[in-house]
Amino acid sequence: MHRAYTQYQTLKLATVRIQQQYRAYQETKRIRGVYLEQRHSALVLQAAYRGMTMRRTLKKQHKAAIIIQSNYRRHRQQCSYRQMQWAARVIQARLGANQLSKSAVQQYCHVKNATVCIQKAFRKMKAVRCQKRHQAAVVLQRNFKMQRERRRYLALKAATVLLQRRYRSLVLARRQVQEYGSVRAAIVCLQSFCRGFKVRKEVKCMHAAARVIQASFRMHRARVTYQRLRYATVIIQRYYRTYVIVKRQQNSEMQKAATGVQDFDSDMKIEQEVAAMHIAATRIQSFYRMHVQHKRYRQMRWAVGTIQSAYRAAVVRRKTKKAHLAMVLSVSMFADCKNAVHLEATALQGLCSTEQCQKYKEAAVLIQRHYRSYLTMKRQRVDYLQTRRKIIIAQAAVRGFIERQRFCRMKRSIVKIQAFVRGCKARQLAIEMMAARDQRAVIPAWLHRSRTVKDDRAIEKAAHVIQRYKKAKQQRIWFLRMKASTVLIQRKWKATRAAKMARQKFLATKIAVQVIQSAYRRHCAKKLFQMTLVQRRQRLLLCFAAAVYHHLAAIRIQRAYRKHLHLRRVNLELSSVLYIQQWYRARKQRMRYLQYREKIIKIQRMARRWLKNRKKSTDVVQEHINPKTPSNGIIKFQALWRGYSWRKKTDTVETKALRDSLIIANKESKEEKKLCNRTALAIDRLLKYKHFSYILAALKELEVVTRLSPVCCENISQTEAVCTIFTLIRSCNRSVPCMDVITYSVQVLLNLSKYERTTEAVYAVEKSVETLLDLLQMYREKAGGKISEKGGSIFTKTCCLLALISKDSRRASEIRNNFRAVARLQTLFKLTVRKYQMDAQRLRAKDNSYAYKNGHCSIPVTPVRTKMVSRQRPAWILRKDNIQEIVNPLQAIEMVLDTLGISCS
């Protein structure tokens with residue numbers, strides 16, 4: 001029981017630790033998510049604040065630039081004025097000097113003629129000499145250039161050979177890198193397979209160990225039950241036998257006494273035998289339990305080591321799938337172990353009493369405490385020994401390397417000293433031999449020998465000093481390294497202790513946070529209950545306020561409806577008056593036109609009759625004067641003369657400038673300025689770049705090519721440029737740069753819609769009609785006036801685009817079926833009409849006041865509703881009835897409604 005309980009406690013401790021690690025991981029993950037959200041919000045706030053500060057600085061810079069520009073322009077005007085003043089003074093001085101120089105020039109001309117004659121003869125002679133020198137110089141230059149080109153060719157050849165070698169080495173290196181990558185991938189695959197096989201094998205061993213533990217526990221439980229049953233049977237048999245003996249010998253007291261003595265003796269013997277059997281069984285059980293516990297401890301130790309290695313691998317490789325699989329396996333294994341421990345604990349609790357369990361529990365806790373302290377001490381000792389062994393190995397390697405280097409240096413220095421000493425001795429011996437030959441040189445030789453001995457001793461002493469300093473330096477380096485390693489170990493230990501303290505503080509903080517959270521939740525629940533009471537009261541007040549509000553709204557609706565009826569009657573009367581005025585003015589204009597037409601026809605007939613008579617008389621005169629000459633030459637001459645005279649009359653400065661610009665443009669025309677190449681370049685910029693300047697330049701190019709070439713329109717419709725233009729329109733706002741982009745975008749779409757083959761490409765874009773309606777809604781206040789600025793307003797251009805798209809009956813029916821689009825168009829028409837009427841009333845009031853002052857009256861012009869969609873054609877179709885653009889917003893929105901067949905009411 002104690003063994004099972006200790007096993008249960010160890011498993012429980014391991015499970016609690018794993019759960020703590022997993023909960024800590026979940027908590028860190030949650031805190032990380034909160035941190036990322038706060039970081040994102042902080043970045044958004046920082047971006048907004050930086051944008052605000054940047055706009056302020058830009059505003060200040062613009063003001064400073066305006067001041068600098070004004071000062072610079074003033075300075076430039078002053079400089080130009082000073083230059084003009086200086087030029088006037090110089091001209092005045094030169095004019096006086098010019099008058100004086102004329103007299104000197106005449107004298108100078110006489111002298112110059114004589115000098116020129118002399119110089120001519122001298123230059124002729126000099127030219128002959130220069131020609132000879134030139135020929136010699138040509139020969140020298142030819143040889144020099146040949147040598148220079150030879151050197152350049154050799155240098156290029158060497159550079160080419162070097163580049164080829166570098167390129168071949170680069171190709172070889174890339175090939176080797178690819179081979180290394182394939183080999184590395186294969187090795188990684190093999191390693192993953194081996195690691196998976198190893199993990200599966202370890203899991204299989206763990207399952208086998210679990211089965212052995214379960215079998216041992218079942219055997220122990222069966223043996224305990226058998227021993228209890230056997231002991232109970234022996235006691236029952238003993239009592240039954242005594243009872244039978246007592247019943248047989250009831251009649252005799254002696255028999256009773258003997259029976260009592262015998263019973264006492266047998267009881268003592270039985271108790272002794274049972275005690276001996278119990279002691280033997282206890283020893284056997286203790287040895288067996290020791291064996292099983294030792295075996296289980298080794299298995300658990302192996303399992304814990306495996307789990308720790310798997311957990312460390314998971315910490316190192318969090319982002320890999322293998323760590324997740326190892327974690328799942330370890331959790332499942334511990335869940336199985338936990339279930340087995342629970343079963344074993346329930347069985348033991350059923351067998352043991354409460355007091356024995358309490359005693360066993362206290363003993364187990366004491367043993368576990370000592371055992372855990374022993375394991376902690378042992379683990380720290382093992383870690384310390386491993387760290388110490390690694391440090392000693394590293395230090396031994398470093399010291400060995402330093403000693404080997406020192407030994408090599410000492411060996412080289414000793415060899416050099418020995419060679420030097422041997423050379424000195426050889427030279428000394430040679431000198432002595434020479435001195436022996438010459439008896440006169442004995443004393444100088446002895447002096448020289450003593451001097452060499454002193455020099456050798458000085459050299460040896462210097463070598464000893466150098467070696468001593470070298471050893472001291474090496475010992476100093478070794479001491480500094482030992483000090484650094486010791487400081488590193490101390491820092492690591494302090495960091496470990498600090499981490500433990502931080503963990504304890506974190507747990508204390510966590511408990512405090514949980515207490516605060518529970519208190520806060522109670523406070524929130526109480527506050528929520530109070531808020532519900534307040535909300536009930538507010539709901540009653542809101543119901544009463546809603547009833548009052550609906551009553552007042554009904555009154556306002558009735559007033560607005562009555563006002564609408566009155567305005568409708570006034571508008572009907574006004575429209576009838578305007579229609580009568582329109583019919584009357586049109587009738588009057590038609591009569592005036594017919595009168596002018598009849599007069600022009602009469603004049604043309606008279607002019608043609610006069611020209612015909614003049615031609616006849618001219619032909620008759622020519623036939624009488626020269627009947628044989630053909631009239632073709634005269635006619636050609638007349639035509640040439642008429643062309644020349646017409647060009648002479650109409651050849652103004654503007655026509656000359658236009659002709660010169662056309663000539664220059666034809667000369668400077670290049671391949672990239674063709675419309676097809678400009679189209680391809682503009683589409684590429686529009687699809688790739690995102691900067692405003694590139695997009696605006698690309699839209700300008702597309703506007704030009706779609707206005708001038710139908711082939712370019714078809715090429716644009718086959719690409720994604722139309723969809724990109726709609727996306728660009730939807731992403732713009734009401735700023736000035738965005739208005740420029742929208743203007744050019746709408747103009748490009750308008751040019752595409754004017755061409756019948758590309759109109760479908762504009763309409764086929766998803767949500768194209770909704771985008772155009774959004775544009776009309778956005779720029780209805782900036783609809784423009786009678787004069788078009790920057791090629792027309794966005795409102796009128798968009799109206800023309802919608803009208804051109806709606807020319808087809810199928811597309812018009814699809815737009816009419818969209819009730820939301822029809823309602824929006826009618827709303828825009830009403831707003832435009834109201835604005836137009838307000839402008840007309842303002843102009844009428846101004847004209848009336850002017851007429852009252854001056855005494856005459858004028859009738860305002862009423863806009864004429866005509867169907868002009870069919871008259872909007874591409875620019876390459878030249879007809880007199882073409883209209884390029886509509887600048888009146890009311891006329892444009894009426895054209896859209898007429899094309900779609902929508903009523904204007």
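The values are calculated or read from the model by the stated rules, or taken from the named source; none is laboratory data. Keep in mind that this is a model prediction, so the values were computed, not measured. With ideal geometry, Cβ positions are generated from the backbone for all residues, glycine too; neighbour counts draw on all protein chains shown. Quick note on the areas: whole protein, heavy atoms, side chains included, nothing else; ligands and nucleic acids left out. Shrake-Rupley method; radii C 1.70, N 1.55, O 1.52, S 1.80 Å.
Probing with 1.4 Å while keeping every protein chain in the model, the per residue accessible area of the range 95-180 equals 99 Å². Compared with the direct C-alpha span, the chain from Leu429 to Leu385 gains 9.6 nm at full extension, assuming 0.36 nm per residue.
Under Stokes-Einstein, with the Kirkwood radius over Cα pairs as Rh, the value for the range 686-760 at 25 °C and 0.890 mPa s is 198 µm²/s. Less than 16 Å from a label point 7 Å out along the Cα-to-Cβ axis of Phe122: which backbone N atoms in the range 81-111 qualify, by residue? Correct set: 111.
Just the accessible area per residue of the range 634-756, please: how many Å² with a 1.4 Å probe? Per-residue value: 65 Å². In this entry, the range 114-230 is assigned a mean projected area of 17.5 nm², taken as a quarter of its C-alpha convex hull surface.
Across all C-alpha atoms in the range 91-169, the radius of gyration and Dmax reach 28.9, 83 Å.
Multiplying the residue separation of Ala159 and Arg73 by 0.36 nm and subtracting their alpha-carbon distance yields 25.5 nm.
Each label was represented as a point 7 Å from its Cα along the Cα-to-Cβ direction; for Tyr81 and Thr719 these points are 5.4 nm apart.
One way to sum up the overall shape of the range 737-779 is the equivalent ellipsoid from its Cα gyration tensor, whose semi-axes run 19, 13, 7 Å, largest first. As a rough guide to protection, the peptides 398-404, 165-171 ranked by mean Cβ packing within 10 Å, highest first, stand as 398-404, 165-171.
Based on every Cα atom in the range 189-233, Rg and the maximum pairwise Cα distance Dmax equal 19.6, 66 Å. Gyration tensor analysis over the Cα atoms of the range 31-183 returns equivalent ellipsoid semi-axes of 70, 52, 4 Å (largest first, whole Å). The relative contact order of the range 693-787 comes to 32 percent, based on Cα pairs under 8 Å that sit 6 or more residues apart. Convex hull volume per residue, computed on the Cα atoms of the range 162-227, equals 43 Å³.
Placing pseudo-labels 7 Å out from each Cα toward the beta carbon at Ala545 and Tyr167 gives an inter-label distance of 8.3 nm. Compared with the alpha-carbon gap, the fully stretched path from Arg820 to Gln474 is longer by 115.3 nm at 0.36 nm per residue. Across all Cα atoms of the range 54-94, the radius of gyration (one decimal) and Dmax (whole number) stand at 17.7, 57 Å.
Highest-first packing order for the peptide set 726-738, 229-241, 764-776 is 764-776, 726-738, 229-241, based on the mean count of other beta carbon atoms within 10 Å. Quick check on the range 538-618: take the gyration tensor over C-alpha atoms, sort the square-rooted eigenvalues as a ≥ b ≥ c, and tell me if it's rounded (a/c under 1.5), prolate or oblate. It comes out prolate by the Cα gyration axes. Protection proxy ranking, highest mean first, for peptides 3-11, 419-427: 3-11, 419-427, where packing is the per-residue count of other beta-carbon atoms within 10 Å, averaged. Assuming 0.890 mPa s and 25 °C, estimate D for the range 460-530 with Stokes-Einstein, Rh taken as the Kirkwood radius over Cα pairs, in µm²/s. For these conditions, the coefficient is 138 µm²/s.
Shown here: the range 717-843, whose C-alpha atoms stretch 49, 35, 24 Å along the first, second and third principal axes, sorted largest to smallest.
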